[in-house]
1. One quarter of the convex hull surface, Cα atoms only: what value does that give for segment 428-539 in nm²?
2. If you count the DSSP beta bridges with both ends in the chain, what percent of them are antiparallel, to the nearest 5?
3. To the nearest 10 degrees, how steeply does helix 543-552 sit against the main Cα axis of the chain, on a 0 to 90 scale?
4. At a Förster radius of 41 Å, what calculated FRET efficiency corresponds to the Cβ-Cβ distance of residue 631 and residue 466, to the nearest 0.05?
5. Assuming a viscosity of 1.306 mPa s and a temperature of 10 °C, what translational diffusion coefficient in µm² per second does Stokes-Einstein assign to segment 1-87, Rh being the Kirkwood radius over Cα pairs?
6. Go ahead and estimate [θ] at 222 nm for the chain from helices alone: -39,500 (n - 2.57) per DSSP H run with n ≥ 4, summed, over the residue count, rounded to 500.
7. Once the Cα atoms of helix 162-183 and of the chain are each reduced to a long axis, what angle between those two axes, in degrees from 0 to 90 to the nearest 10, is obtained?
8. Could you tell me the largest-minus-smallest coordinate of the C-alpha atoms of the chain on each of the three principal axes, in descending order and whole angstroms?
């Protein structure tokens with residue numbers, strides 16, 4: 001049996017990591033990429049249980065303390081380094097991202113992040129307020145599994161029947177999946193069922209079951225196993241295809257929590273079984289070097305990509321729209337860099353230290369022991385593991401041809417270059433660790449209890465509540481106000497009707513893009529005399545210059561209409577520059593945009609924010625809401641209004657907004 005067939009597990013983890021990172025960086029393009037988490041969980045359970053079984057086969061018992069030390073040392077130091085580094089960076093980037101960091105750091109470092117998020121009420125799937133450490137729920141669940149699954153595996157090992165050994169974790173997995181199915185509420189946030197150890201451990205349990213089956217198959221040369229090795233690669237190929245098809249189709253709904261995630265775990269079991277099957281072509285696929293390396297260092301990539309993505313968005317706010325790809329590319333590049341730094345500074349030194357401790361504590365073997373044949377399970381463990389995330393690692397077994405080296409065979413003095421490299425690494429590591437630990441504690445000390453947005457919202461909410469209480473205290477005044485409001489409404493309607501009879505476009509200048517070009521004829525018809533300056537593909541960045549030029553030439557009218565949200569994102573500050581170019585005495589009329597471009601919601605929000613900020617000299621024409629109810633009036637591209645009803649709706653929206661403004665400002 002080839003031992004390198006187990007190296008395909010690195011490739012499977014690399015495949016899963018691609019789905020997870022893609023989901024985090026571009027959820028809209030791969031909404032089901034988060035099923036990669038369940039692929040990871042299943043591989044993790046398989047490797048964890050197989051590690052326990054190998055150790056028992058090799059030594060006759062499970063040294064639980066040493067096992068925990070080896071396993072948790074792969075999770076905890078790298079995570080602690082990432083937490084300290086991310087909090088330190090957040091201290092210099094934006095304090096708002098540090099909200100909740102003290103408690104979340106404690107939860108992460110104690111492998112309880114998943115339950116901490118559940119009890120705090122934070123939503124994993126609400127991307128409106130991303131948290132710096134929210135992705136560590138995954139590591140918490142792995143840590144909890146690391147504590148529990150070895151005990152379960154060791155107990156099941158005592159049972160002689162492989163069928164029972166595999167059946168028990170399968171039944172527990174079914175119970176967990178049923179818990180997710182039953183507890184999932186379509187009308188509530190699914191964080192509880194997604195983060196819960198009890199409702200999301202089925203993948204790891206299925207991996208445990210597979211480990212018992214694989215161990216049994218290695219020790220058996222029965223005829224049915226040959227048929228198994230012939231069929232499994234085909235089944236694994238089908239499982240991979242189905243997993244890939246699921247990623248763009250599964251969503252944050254019943255498709256995931258009522259069958260999708262458990263299906264992904266079952267498919268991963270098939271994928272693992274077929275990928276480690278003897279002479280499987282899947283070994284070559286998942287053994288592809290780039291994919292295998294990605295899986296080998298997937299833990300570091302997973303730890304760093306999310307906080308770096310959030311921090312880069314805060315550092316480069318101008319790239320959040322059409323330039324988001326720059327942030328995404330930098331996230332991937334810096335994640336690779338920080339994964340390498342973490343390995344060089346923290347993970348590899350810790351692993352070497354653990355190995356040295358294990359070698360020192362290991363009993364010396366006699367010549368007779370070294371010459372004795374090894375147990376089947378131990379021999380077949382050679383070269384199987386050694387990967388970075390959720391893997392197992394065994395001491396290379398010694399054969400008769402390669403006797404155990406004695407201390408006298410080792411070099412007495414390390415080479416000067418080796419000592420220099422180790423010294424340099426120690427100096428750099430200590431310096432960096434000291435700095436980020438200081439930064440971490442400073443970040444924890446300065447972490448605000450609430451974000452500025454939350455403070456603003458609470459302040460405004462309090463003001464609204466106070467106003468409401470005042471309204472209730474004076475019922476008579478409220479009734480009188482209602483009466484006056486009704487009278488005012490009738491007056492405004494009458495005034496509006498009178499104004500609309502004479503309303504024209506002689507006081508209106510329009511600066512627009514291709515949408516305005518398409519509706520120009522309807523604008524001229526609805527508002528005779530209107531001045532329209534529109535060009536295809538025009539960006540809002542050109543608007544301040546155009547306004548300034550029109551003003552200098554004496555062509556700028558009272559109402560300055562800006563319809564430029566279609567081609568690029570914008571900010572409140574951009575509208576303020578346009579208003580400054582127009583100067584006093586002008587009313588800025590902003591027509592928002594409609595379409596499926598990712599920057600349009602950002603630009604529309606900026607328009608709404610500006611008008612709310614400047615209600616005395618600005619108007620918002622909500623073309624987005626108006627045409628959303630009549631999308632059949634749009635052209636094939638879903639953006640430009642069709643001739644007739646679409647163009648008329650665009651023009652009538654502007655006309656009504658101007659009429660209402662005139663009514664509201666009658667002396």
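No value in this document is a laboratory result; all are computed from the given coordinates. If you're wondering where the values come from, they're calculated on a predicted model, not measured in any experiment. Every residue, glycine among them, receives a Cβ derived from its backbone with ideal geometry; neighbour counts consider all protein chains shown.
1. Values: hull surface 64.7 nm².
Averaged projected area of segment 428-539's Cα convex hull equals 16.2 nm².
2. On the way: 1 of 18 bridges.
Among the beta bridges of the chain, antiparallel pairing accounts for roughly 5 percent.
3. Approximately 20 degrees, to the nearest ten.
4. Details: r = 41 Å, r/R0 = 1.01.
Efficiency, from the Cβ-Cβ distance: 0.50.
5. Numbers: Rh = 15.4 Å.
Approximately 103 µm²/s, per Stokes-Einstein.
6. Calculated at 222 nm, the ellipticity per residue is -21000 deg cm²/dmol.
7. The angle comes out near 20 degrees.
8. Taking max minus min along each principal axis of the Cα atoms, the chain gives 110, 56, 55 Å.
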